[in-house]
1. Output the number of residues of region A:5-22 satisfying the condition of being free of Cβ contacts under 8 Å to residues at least 60 places away in the same chain and aromatic (Phe, Trp, Tyr).
2. Across region A:67-81, what is the total count of residues that are open to solvent by less than 50 Å² (accessible area, probe 1.4 Å) and over 23 Å from B:Gln231 (Cα atoms)?
3. Buried (at least 23 other Cβ atoms within 10 Å of the Cβ) and over 15 Å from B:Gln162 (Cβ atoms): which single residue out of A:Leu185, A:Leu166 fits that description?
4. Please tell me if B:Tyr245 is at pLDDT 95 or above, open to solvent by 20 Å² or more (accessible area, probe 1.4 Å), under 16 Å from A:Phe170 (Cβ atoms) and more than 7 Å from chain A (Cβ to nearest Cβ).
5. Filter region B:198-222 down to the residues that are open to solvent by 40 Å² or more (accessible area, probe 1.4 Å), of a type outside the set (Val, Ile, Thr) and more than 18 Å from A:Phe193 (Cβ to Cβ) and list them by number.
6. Identify, from the list B:Leu185, B:Leu197, B:Leu164, the residue that is in contact with a helix residue (DSSP H, G or I) (Cβ under 9 Å, 6 or more places away or on another chain) and in contact (Cβ under 8 Å) with a residue 60 or more places away in the chain.
7. May I ask you to list pairs of residues, at least six apart or on different chains, whose Cβ atoms are under 6 Å apart, with the first in region B:212-225 being under 12 Å from B:Ile252 (Cα atoms) and the second being of a type in the set (Phe, Trp, Tyr)?
Number of protein chains: 2
Amino acid sequence: MKKYKIVFIGAGRLASNLAPALLNAGHSIVQVYSRTAGSASLLADKLHCGYTTSLTEVVDDADVYFFSVSDSALAELAKSLHSLIGEKLFVHTAGSMNIDVLPTGHRAVFYPMQTFVKDKRVDFKRIPCFIEASTDNDLSVVNSLANDISEKVYKLSSQQRQYLHLSAVFTCNFVNHFYAIGEKLLEKIGLPFDVLLPLIDESAEKVHTISPFEGQTGPAIRKDMNVINKQLQMLKEYPEWESLYQMITNDIINIHNK
Amino acid sequence: MKKYKIVFIGAGRLASNLAPALLNAGHSIVQVYSRTAGSASLLADKLHCGYTTSLTEVVDDADVYFFSVSDSALAELAKSLHSLIGEKLFVHTAGSMNIDVLPTGHRAVFYPMQTFVKDKRVDFKRIPCFIEASTDNDLSVVNSLANDISEKVYKLSSQQRQYLHLSAVFTCNFVNHFYAIGEKLLEKIGLPFDVLLPLIDESAEKVHTISPFEGQTGPAIRKDMNVINKQLQMLKEYPEWESLYQMITNDIINIHNK
C-alpha cells in the first residue's frame, strides 16, 4: 500500500476529521495551512506536523494537496497555490463544487458525505466517500486514499455529485432546522428538547429497514383534516412555519396520491 | 403494585406496541376490539386474550378501556361504548386530541410519543409518555401504568400536548418526508437511499449533545448564495421542492440573524 505525503489547505470541521483519519491510515500529513493561526496550530498539533498561515510557505514537495475550505474561497486559493508551487495533484472536498474549480491538470474530488462537528470524532469507516479525478492515475490515488479510511467509496461525476449534495441538504441541513423548530415549539410549553430525542432516533432508525416513502406516518398521509387545520391554526403566530406546514402537507398528500 | 384489567379498543400500530408492553409489565389485557377481524385476532393472539369486532360484545368489567383508534373515529366509538357499558375509565392515546373528546366522567390521556411500525418492536422504557386525567384518582391510575412501562412520564394538559404533537409532526413526519425527497433525488443519479444513512444517523445523534439551533450546518447558514442559487436552479423541475428549499433557506437565515 502506497503512503502519500499530504498537505491540508484548511483546518475547519471537515479537515479536522479527515486529516486525522488519513494519518491513522498511515499517510503523512506534512503541513497544515489556514488563514487563522489558531485553527492551523490546533490541527497541526493533533497531526504532529508544521503549519503556516502564509500560502508562500506551503511546501512544494507533497504528493497531494487537500483543499477543505469554504466553497467561496476554494477557486481563489487553489489558483494562488498553483501559481506558487506549480503542477501538483490538487483535491477538493466540497460536495457542491465542480472538479473544474481546481486549476491544475491533475485534480480530483474527495467528498466524504457527513456533517462534521470539530470536537466530535466520527467513525470514517461508515462514511460514504465520493471520488472523481481528471486522469486514471489521479483516480487511483484518491481511490486508494478513500479505501484506506472508508468502506464505502463511490465514483461520481461532478454533475451527479450536485444531486447528491442537494439530497444531503434536505436530509441533513433542513432536517436539523426542523429539529430546531421542534425545539422552539416545545419552549412554548416549557418542555426540554430532550423529549423529542427518542422520536428523532426512531425516525432515523426506521429508514434503515423501511423506505421513507413507505414509512410515512402522521396527519398528512392520513389526510386528517381536523388535525391539519387545528395545527395550521396554532401556527398563525409563526407565519413562515404555517406556510411550510401547508406546503409539506400538500406535498405528502400529492406524492402519495400519484 | 396494582394490576389492572385492560380492554384495547383498536389494534393498529400504537395498540400493537402499547398493549404488549402493558402485558409484559404484569397487567391483564382481557380483550381487543377492532372493526377488522384480521388485526383484532392478530393482536389478541399476541396477548393471549379474546377479541371482538362488535362493540356490543365488549366486556363491561375491565378497569381501563384504552382507545387507540384514528382521531376521526375516536369520539364516535367512545360515545357508543359509553352508552353500552356505562361509566368506566376511558383512556385515549392520541397526541392531538383533547381529553374532552371522551364522554365519560372518568377519562384520561396516555400519549406515548413515538412513531410505531407494526412489526418493529420498540423499547418502551425510552419512550416519553404524556399523561392527563379528569380526577386525581384517574391520574394516579394512568401515572402508575405509564411508570410501569416507561422511564419518562410527564403530566401535560391537552392544550400543551397540542404543541408537543405539532413539534412531533415537524421532527418526525416532516423529517421523514425530507428523507423521501432525498431518496427521490438520488434515484435521478442511480444511487441507493442507503448512502444517506450515515448522514441521517449522525444528524440525529448530533442533537443529543448540541442543540439543533447551535448545530446548524449547510449552505443556508453560511449564506452561500452560489450554492443556494445553483441548487434552486436544479430544483426547477420540482417546483414544490424549489419553493420549500427557498422558504427553509430563508427561515434558517432569518432565525440565525435574529
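1. Residues that pass the stated criteria total 0.
2. Narrowing region A:67-81 to residues open to solvent by less than 50 Å² (accessible area, probe 1.4 Å): A:67-69, A:71, A:73-75, A:77-78, A:80-81.
Keeping just the survivors that are over 23 Å from B:Gln231 (Cα atoms) gives A:77-78, A:80-81.
Qualifying residue count, region A:67-81: 4.
3. The unique qualifying residue is A:Leu166.
4. On the way: at pLDDT 95 or above: yes; open to solvent by 20 Å² or more (accessible area, probe 1.4 Å): no; under 16 Å from A:Phe170 (Cβ atoms): yes; more than 7 Å from chain A (Cβ to nearest Cβ): yes.
No: the conditions fail for B:Tyr245.
5. Within region B:198-222, B:Arg222 is the sole residue that qualifies.
6. When all the criteria are applied, what remains is B:Leu164.
7. B:Pro212/A:Tyr179
Residues are listed down the side, and each one gets a yes or a no for (1) over 22 Å from A:Asn98 (Cα atoms); (2) acidic (Asp, Glu):
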| site | (1), (2) |
| --- | --- |
| B:Leu196 | no, no |
| B:Lys206 | yes, no |
| B:Leu235 | no, no |
| B:Glu240 | yes, yes |
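The values are calculated or read from the model by the stated rules, or taken from the named source; none is laboratory data. Quick caveat: nothing in here was measured; it's all calculated off a predicted structure. Neighbour counts run over all protein chains shown; Cβ positions are idealised from the backbone, glycine included. When the accessible area is computed, the model is the full protein with side chains, heavy atoms only, and any ligands, DNA or RNA have been set aside. Shrake-Rupley method; radii C 1.70, N 1.55, O 1.52, S 1.80 Å.
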